[in-house]
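Asks: Just passing along the structure, written as structure tokens.
Please treat every number below as a calculation from the coordinates, not as lab data. Keep in mind that this is a model prediction, so the values were computed, not measured. So basically every Cβ, Gly included, is an ideal-geometry build from the backbone, and we count neighbours across all protein chains shown.
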Amino acid sequence: MKVTGFTIARNVVKYDYPIVEAITSVLPLCDEFIVAVGNSEDNTLELIKSIPSPKIRVIETIWDDSIRTGGRALALETDKAFSAISPTTNWCFYIQADEVLHEKYYDIVKQAMQQHLNNKKVEGLLFSYKHFYGSYDYYGESWRWYRREIRVVRYSPSVFSYRDAQGFRIKPNRKLNVVLIDAVIYHYGWVKDPQTMQAKRKEWSKYYINDELLTTRFKANEFDYSEVDSLQIFRETHPRVMADRINKKNWKFDHDLSKNKYSFKEKVKRFLSKIIGYRIGEYKNYKLLKL
């Protein structure tokens, strides 16, 4: 069984992405790892090349900044990384620059890949998500956070990155058939100091909205973390690779759990979901198999 990891990177130093942690968190499961490094304004390329692993292979790319709709540029870059994967690969492990896999899930992921290796009906492995917010002590609890996504896909030249690179599909536009595994991706995209968070959001929003809206929406110098609906305290452990980054955190964020609130729409959905037994209106870019 051959496993290849892949990701994309651009300006990850400037916007303080935990990409070294992201890559190293899945390296133990991979035989090789492809990083598509885009033209950057910082030393992203040098940072990736400094990771001490012979498994890592870098390809340099140029982003098309003229694409300003739906985050499509992110998917195109992800496709470039995927296209560099050898056809001898069985499974492809995608990890984004702000996602980390806890080492406690290594055996579960490896066993799932081995178990379904010869079952071609299984085209991907579905992971649950925990979205951290504000600091490493809180995670999002409301339903506005996506609950699951595909992060391991069976290699096929027909696989492509969907929409803004959140997930994958099979050409021409079919959802992947996947199985849900008992493993969680830790998403740290909303954990940065307020100034860096605001700068990062403005940078990435340019792949979704025009310059006029950018100017209107991002007047403040700092991101306002208080505008959140519902959080929970994280009482477990973070991945080992995150220890140094967490210890160096230089800002403070606290949330009063008594102020947690849901929108009226979510309250209705939660109530009805308890009755019918499944989550209403959940975004599912996959077809869940029952084996």
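Asks: Full extension from residue 83 to residue 62: what is 0.36 nm times the residue separation minus their Cα-Cα distance, to one decimal in nm? If you can, show how the numbers build up before the last one.
Replies: Values: separation 21, 0.36 × 21 = 7.56 nm, distance 1.50 nm.
Once the chain is fully extended between residue 83 and residue 62, it gains 6.1 nm.
Asks: Considering the dipole of the chain built from charges on the beta carbon (Lys and Arg +1, Asp and Glu -1) around the Cα centre, which of 38, 213, 13 is farthest to its positive end?
Replies: Going by the charge dipole, the pick is 213.
Asks: Another question, then. Can you list which of the GluC sites (Glu not before Pro) found in region 196-284 are DSSP loop residues with at most 11 other C-beta atoms within 10 Å?
Replies: On the way: sites: 203, 212, 222, 227, 236, 266, 282; in loops: 222, 227, 236, 282.
Of the GluC sites (Glu not before Pro), the ones in loops of region 196-284 whose Cβ has at most 11 other Cβ atoms within 10 Å are 227, 236.
Asks: Starting from the 7 Å offset along Cα-to-Cβ, what nm value, one decimal, do you get for the label separation of residue 69 and residue 180?
Replies: Each label point is offset 7 Å from its Cα along the Cβ direction, giving 3.4 nm.
Asks: ³J(HN,Hα) across region 98-107 via Karplus (A = 6.51, B = -1.76, C = 1.60, θ = phi - 60°), whole Hz, x for Gly/Pro?
Replies: 10, 10, 9, 9, 6, 4, 5, 9, 4, 5
Asks: Given +1 on the Cβ of Lys and Arg, -1 on the Cβ of Asp and Glu, and no further charges, what dipole in debye does the chain carry about its Cα centre, rounded to the nearest 20? Mind showing how you got there, number by number?
Replies: Numbers: 48 positive and 36 negative charges, 281 e Å.
So the magnitude is around 1340 debye.
Asks: Could you state the number of Å between the C-alpha centres of region 55-89 and region 168-182?
Replies: Spelled out, the Cα-based centre of one part sits 19 Å from the other.
Asks: Where the only charges are on Cβ atoms (+1 Lys, Arg; -1 Asp, Glu), what is the dipole of region 193-248 about its Cα centre, to the nearest 20 debye? Show your work: numbers first, answer last.
Replies: Numbers: 10 positive and 10 negative charges, 48 e Å.
About 240 debye.
Asks: Residue by residue, what Karplus-based ³J(HN,Hα) values in Hz, rounded to whole numbers, does region 109-125 have, using 6.51, -1.76 and 1.60 with θ = phi - 60° and x for Gly and Pro?
Replies: Values per residue, Gly and Pro as x: 5, 4, 5, 5, 5, 5, 4, 9, 4, 9, 9, 5, 5, 8, 9, x, 10 Hz.
Asks: So who's got an amide H within less than 5 Å of the one on residue 192, skipping anything under 5 residues away but keeping other chains? H placed 1.01 Å off N, in plane.
Replies: Excluding prolines and chain starts, which carry no amide H, the hits are 134.
Asks: Take the alpha carbon gyration tensor of the chain, find the square roots of its eigenvalues, order them as a ≥ b ≥ c, and report rounded if a/c is under 1.5; if not, report prolate when a/b exceeds b/c, else oblate. The partial results should precede the final answer.
Replies: On the way: a/c = 1.40, a/b = 1.12, b/c = 1.25.
Note, shape of the chain comes out rounded.
Asks: Let me ask something additional. Please check which bits of region 214-231 a label hung off residue 256 would reach, taking the label as a point 7 Å along Cα-to-C-beta and the cut-off as backbone N under 19 Å.
Replies: Answer for this model: 224-231.
Asks: Quick one: which residues, 5+ away or cross-chain, put their amide H under 5 Å from the amide H of residue 57? H built at 1.01 Å from N.
Replies: Placed amide hydrogens put 33, 34, 35 under 5 Å from residue 57.
Asks: With each label point set 7 Å from Cα along the Cα-Cβ vector, what nm distance links residue 203 and residue 290?
Replies: 4.5
Asks: Say the dipole of region 107-174 comes from +1 at the beta carbon of Lys and Arg and -1 at that of Asp and Glu; which of 146, 127, 170 then lies farthest toward its positive end?
Replies: Value: 170.
Asks: List the trypsin sites (Lys or Arg not before Pro) in region 88-183 that DSSP assigns to loop (not H, G, I, E or B) and whose Cβ has at most 16 other Cβ atoms within 10 Å. Which are they?
Replies: Passing both the DSSP loop test and the Cβ count: 120, 121, 144, 147, 163.
Asks: Something else now. What is the magnitude of the charge dipole of region 91-136 about its Cα centre, with +1 placed on the Cβ of each Lys and Arg, -1 on the Cβ of each Asp and Glu, and no other charges, expressed in debye to the nearest 20? Could the numbers behind the result be given before it?
Replies: On the way: 5 positive and 5 negative charges, 43 e Å.
For region 91-136, the charge dipole is close to 200 debye.
Asks: Please give me, ordered by residue number, the GluC sites (Glu not before Pro) of region 27-118 that lie in loop per DSSP and have at most 13 other Cβ atoms within 10 Å. Present the calculation step by step, with values, prior to reporting the outcome.
Replies: Values: sites: 32, 41, 46, 60, 77, 99, 103; in loops: 41.
For GluC sites (Glu not before Pro) across region 27-118 that sit outside H, G, I, E and B with at most 13 neighbouring Cβ atoms in 10 Å, the list reads 41.
Asks: Please state the shape class of region 70-139: rounded when a/c is under 1.5, otherwise prolate if a/b exceeds b/c and oblate if not, all from the C-alpha gyration tensor.
Replies: In terms of gyration-tensor shape, oblate.
Asks: Separate question: Cut-off is 10 Å between beta-carbons; in what order do 275, 95 appear when sorted fewest neighbours first? Mind dumping the intermediate values first?
Replies: Working: 275 7, 95 23.
Ascending number of Cβ neighbours within 10 Å: 275, 95.
Asks: Let me ask another. Please work out how much length the chain gains when fully extended from residue 265 to residue 103, using 0.36 nm per residue of separation minus the C-alpha to C-alpha distance, in nm with one decimal. Intermediate values should be presented prior to the final figure.
Replies: Details: separation 162, 0.36 × 162 = 58.32 nm, distance 3.67 nm.
Answer, rounded to one decimal: 54.7 nm.
Asks: Additional query: Mean separation of Cα pairs under 8 Å and 6+ residues apart, divided by the residue count of the chain: what relative contact order is that in percent? Each step should come with its number before you reach the end.
Replies: Numbers: 522 pairs, mean separation 60.5, N = 291.
Worked out over the chain, it gives 21 percent.
Asks: May I pose another question? Can you work out ³J(HN,Hα) from phi for every residue in region 245-257, in order, using Karplus 6.51 cos²θ - 1.76 cosθ + 1.60 and θ = phi - 60°, giving whole Hz and x for Gly and Pro?
Replies: 4, 5, 5, 8, 4, 10, 9, 10, 9, 10, 9, 7, 5
Asks: Further question: Residue farthest toward the positive end of the dipole of the chain, with Cβ of Lys/Arg at +1 and Asp/Glu at -1: which of 157, 51, 86?
Replies: So the residue furthest toward the plus end is 157.
Asks: Tell me the Kirkwood hydrodynamic radius of region 138-291 in angstroms, computed as one over the mean inverse distance between distinct C-alpha pairs.
Replies: Details: mean 1/r = 0.0529 Å⁻¹.
About 18.9 Å for region 138-291.
Asks: While we're looking at this one, here's another question. Skipping prolines and chain starts, which residues have an amide H placed within reach, meaning under 5 Å, of the one on residue 176, given they are 5 or more residues away or on another chain?
Replies: Hits under the 5 Å cutoff: 170, 287.
Asks: Still on this model: Output the pairs from 130/175; 80/202; 202/252; 175/287 with a Cα-Cα distance over 18 Å in this structure; if there are none, say none. Display every interim value, and only then the final one.
Replies: Values: 130/175 23 Å; 80/202 24 Å; 202/252 22 Å; 175/287 6 Å.
Violating the 18 Å limit, Cα to Cα: 130/175; 80/202; 202/252.
Asks: Modelled label-to-label distance, residue 111 and residue 211, 7 Å Cα→beta-carbon offset: nm?
Replies: 5.5
Asks: Can you tell me the Rg and Dmax of region 49-206, counting just the alpha carbons, in angstroms?
Replies: 16.5, 48
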